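The values are calculated or read from the model by the stated rules, or taken from the named source; none is laboratory data. Not measured: the values here are computed from a predicted model. Here Cβ is always computed from backbone atoms with ideal geometry, including for glycine, and neighbour counts include all displayed protein chains.
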Amino acid sequence: MIPLDELVLFSGLLFSLGIFGVLTRRNFIMLLISIEIMMNSAILNFIAFAAYSPAGNSLLEVSGQGIAVVLIGLAATEVALGLAIVLALNRIIGSVDVADAMQLKL
Amino acid sequence: MSFDIPSIAQYTPEATVFIGVILVFMLDVAGIRSRAIIGGATSIFLLLAFLQVLADLGSWPLQGLSTLPAGLLGTQNGPVIFTNFGLIFQGIFLLSALLVALASVSEADGEEVPTFYALLSLAALGMLFVAISADLIFLLLSVEITGIATYVMVGYTRKDRRAVEAAMKFYIIGALSTAISFFGASLLYGAYGTTSLTAFRALPANSSLALVGFGMVAVGLGFKATLVPFHMWAVDVYDGAPASVSAFLAAGSKKMGLFGIFIVFVAAVRIFASAQGFALYLALGALAVITMTVGNVMALEQTTMKRMLAYSSIAQAGYMLLGIAIDTPAALAGATLQITADVLMKAGAFIVVGAAVGLGVGPLITDWRGVGHSRPGIGASFAIMLLSLAGMPLTLGFVGKFYLFFAAVEAGGYFTLLAIAGLLNSALSVFYYARILRYMYMPESTGSATAGAHPLSHSSLGVGNAPAAPAWGSVRDEIRGTGSARWATVVGIALLLLVLGIYPTPLIGAMNSAAQQFLTLGL
Amino acid sequence: MSLDEILFALLAGTSLVTAVLALLAREIVHTIMWIAILFVSLGLIYFLLEAPFLGVLQLAVYAGAVTILLLFAIMVVKKRIFSREAVTGIGITSVLLSVATALLLAGNALSLPYNAAGRTYPTPILSQSLFLDFGAWVIILGFVVLSALVGAVYLAKESRGRPIRAEGE
């Protein structure tokens, strides 16, 4: 079995790469991908912690893996909705660059 | 750990709202797209759910109708727990959805009507689940129901470029906050071995992991609640979205974020404060004060009504966060009262702004010059809302702030400073609310005077008792301009603010006991 | 070092490298290709963690559906498909913020007290618990999917009438 600290270190690095992507990229689809990387690191964390959860916690025996299943569903749903927003936006302004779409003042 | 069918009776409000959603779908399939029918049906179902929540709370005429089994209150059932505090918030959430549903009946018919109402009901459904959650994953997933519904609602006009861009921005921020809070939840799962909120009442073996986890969940929910470092999106989204959706975001979905923060952190704050010392209270207090200060200062320099209201909404979030930063039953009750007041005020104010087009008023604050005279009903109601937002006595906004600051002074020591900061901020906010009032009750400039019935003499007479002065004819005009449902909602909100401001005793009593119970449960 | 650990090191390295490449790629199609490899190697890591059901789910949903959805999104936005979009916002703040996150989380991971042996869960138990113990989560996920479905169908549908141009500004 893989040691837990290596797994959590790995998912932490993946998460901060996602943060880096969100902060640096301006394209909507790139932002979506960065957020998916972050979601994936959360899912990995749940599975890793489930594999090492202390025994005897019968009520939530496999909850880490259960949460991971639910999260995969949630993330896919979000991407689908994001695609719908891309379509709606593309119909109006013909580009999906967040910088292009910065008509709203910050 | 049962979520079985026979126990469905206790979920009557949720079921009612969901039946409303299905009915809207069926009306859509039947080709009925009229706002009066679909909006009316949605409002009725939301109202029924609201009354059911009031019955569950045991409020006066309805107590016999409660569907909660005896002994259910306060006992955790798997991922769900019913508490009086949660039920009060269910009422608040349903109220915000109901007001928006009623007011938007007056907007134009179109193909988007069924989607708008279905999503509004679904968002309300998500908020209802948030209010009864006893499990972090359940909570975050419920937040996500509301989140996804509101992303689409922001862009529901679909042809308006600004609205769709606002939807895109809101979606990115929402998805980001979801990812961050789920990562935090995964760390908490690692620290505690479970995601049940009751488990978070103990200090785990690995408290640094839990602290980082709590921090990330706070960041994720802080985005929803527009706390200050994470507030940048709010102004753009509230500005770009249709006004009725802004009303729902400011009144409903933001309160959901605050409630999430309350139930996740009330236990955690105390445990970590006992382990790590006073720093946590200091940080929360600083966050609250920064949020209200930034909101108020930025609101001062806005020129458009919607952006001003958006910043003022951020400032209000700061006051509400004081409830958990002070962490006494009185402060929590005060924050709940302030949240109730803010739901009415913010929903009302955004609805008025949404009606502005029908009234022939532009988006700038200066466009509101003379509205108090030419539109007496809306003008007076809006004035009451603004006075309540500024915290003037005899309104509900005053009661909420008074209780909150009083609780801070009562807690003593460092918390007194929070009360002083809050008072100074309230004083600051009076400036920009008073500016609008000044414009509204200023004589219309001679050049742009529209109705010939407004000579200068009339206006100077009307300053004292503006609402009563003009003839009924202009009220009828006004109702035609805003639509009767919207007009009635706005006036009703204003009356409610006054009535509850003058006689808040039942509200205060209920909230005090609920907050007391909530804090002893630790959940 | 066991075989598991060597495989994990390889897969984790692949994942991190592909994630970096995906985020730095100039062409968005390349990003999608790197991201597909990232998803596949994460799925393989789930197999190593003896969570085969999740591994399959990861391969099907992420490496399959999500990647295709993203590709489709790019195809719809045709004119940008070969656009060379540079990494625009590499500033001090963004780098510092992500490095700070990494350090915070890494510090956390290294302080983990766990040394218990790992446990495995048979897939039948997982699937039973999904519909018994965690039924509430699945129901809530159902509502999430419902609202996303309503919204996505509505947003993606062609609307009648011309787009409204934003006034002013």
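A compact table of results
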read-out	value
Single unsatisfied condition, A:Pro54 versus (1) over 21 Å from B:Leu188 (Cβ atoms); (2) in a loop (DSSP other than H, G, I, E, B); (3) modelled with pLDDT of 60 or more	(1)
Flag if B:Leu211 is in a helix (DSSP H, G or I), within 14 Å of chain A (Cβ to nearest Cβ) and farther than 14 Å from B:Thr150 by Cβ	no
Filtered residue count, segment B:43-57, keeping only those that are among the hydroxyl-bearing types (Ser, Thr, Tyr) and surrounded by fewer than 22 Cβ atoms within 10 Å (Cβ to Cβ)	0
Conditions (1) at pLDDT below 90; (2) within 23 Å of the chain's Cα centre (by Cα); (3) more than 7 Å from every other protein chain (Cβ to nearest Cβ); number of the one not met by A:Ile43	(1)
Residue list for segment B:333-366, restricted to those being crowded, with 24+ Cβ neighbours inside 10 Å and at pLDDT below 90	B:Gly354, B:Ala355
Condition met for B:Ala118 (touching an Asp or Glu at 6+ places or on another chain (Cβ under 9 Å), assigned to a helix (DSSP H, G or I), small (Gly, Ala, Ser) and within 11 Å of chain C (Cβ to nearest Cβ))	yes
Residue under evaluation B:Phe82, criteria (1) within 22 Å of the chain's Cα centre (by Cα); (2) surrounded by fewer than 21 Cβ atoms within 10 Å (Cβ to Cβ), criterion not met	(2)
Residues located in segment B:161-195, provided they are touching a residue at least 24 places away in the same chain (Cβ under 8 Å), more than 18 Å from B:Phe230 (Cβ to Cβ), at the interface with chain C (Cβ under 9 Å from one of its Cβ atoms) and more than 25 Å from the chain's Cα centre (by Cα)	B:Leu187
Failed item, numbered, when C:Ala51 is tested on (1) among the small types (Gly, Ala, Ser); (2) at pLDDT 90 or above; (3) over 19 Å from A:Met30 (Cα atoms)	(2)
So B:Leu280, is it assigned to a helix (DSSP H, G or I), without any contact (Cβ under 8 Å) to a residue 40 or more places away in the chain and surrounded by 19 or more Cβ atoms within 10 Å (Cβ to Cβ)	yes
Helices (runs of 4 or more DSSP H) (entirely within segment B:370-455) containing at least 2 residues that are modelled with pLDDT of 90 or more	B:376-390, B:396-411, B:414-440
Residue in segment A:71-82 that is under 21 Å from the mean Cα position of the chain (by Cα), modelled with pLDDT under 90 and at the interface with chain C (Cβ under 7 Å from one of its Cβ atoms) present	no
Lone unmet requirement of (1) crowded, with 24+ Cβ neighbours inside 10 Å; (2) in contact with a strand residue (DSSP E or B) (Cβ under 8 Å, 6 or more places away or on another chain); (3) away from chain C (no Cβ under 13 Å) for B:Gln90	(2)
Criterion violated by B:Thr198 - all others in (1) surrounded by fewer than 24 Cβ atoms within 10 Å (Cβ to Cβ); (2) among the hydroxyl-bearing types (Ser, Thr, Tyr); (3) in a helix (DSSP H, G or I); (4) facing chain A (nearest Cβ under 10 Å) satisfied	(4)
Long-range neighbours under 8 Å by Cβ, at least six apart or interchain, first residue farther than 12 Å from B:Tyr156 by Cβ within segment C:147-159, second assigned to a loop (DSSP other than H, G, I, E, B) and not aromatic (Phe, Trp, Tyr)	none
Which listed residue, of B:Val294, B:Val269, B:Val264, B:Val289, is without any contact (Cβ under 8 Å) to a residue 60 or more places away in the chain and either crowded, with 20+ Cβ neighbours inside 10 Å or part of a helix (DSSP H, G or I) (or both)	B:Val269
Neighbours by Cβ (under 8 Å, 6+ apart or cross-chain): first from segment B:17-37, under 24 Å from B:Phe93 (Cβ atoms); second acidic (Asp, Glu) and modelled with pLDDT under 90	B:Arg35/B:Glu107; B:Arg35/B:Asp109
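Conditions tested, residue by residue: (1) modelled with pLDDT of 90 or more; (2) more than 20 Å from the chain's Cα centre (by Cα).
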residue	(1), (2)
B:Leu23	yes, yes
B:Gly40	yes, yes
B:Ile44	yes, yes
B:Ala49	yes, no
B:Asp56	no, yes
B:Ser59	no, yes
B:Ser66	no, yes
B:Gln90	yes, no
B:Leu98	yes, no
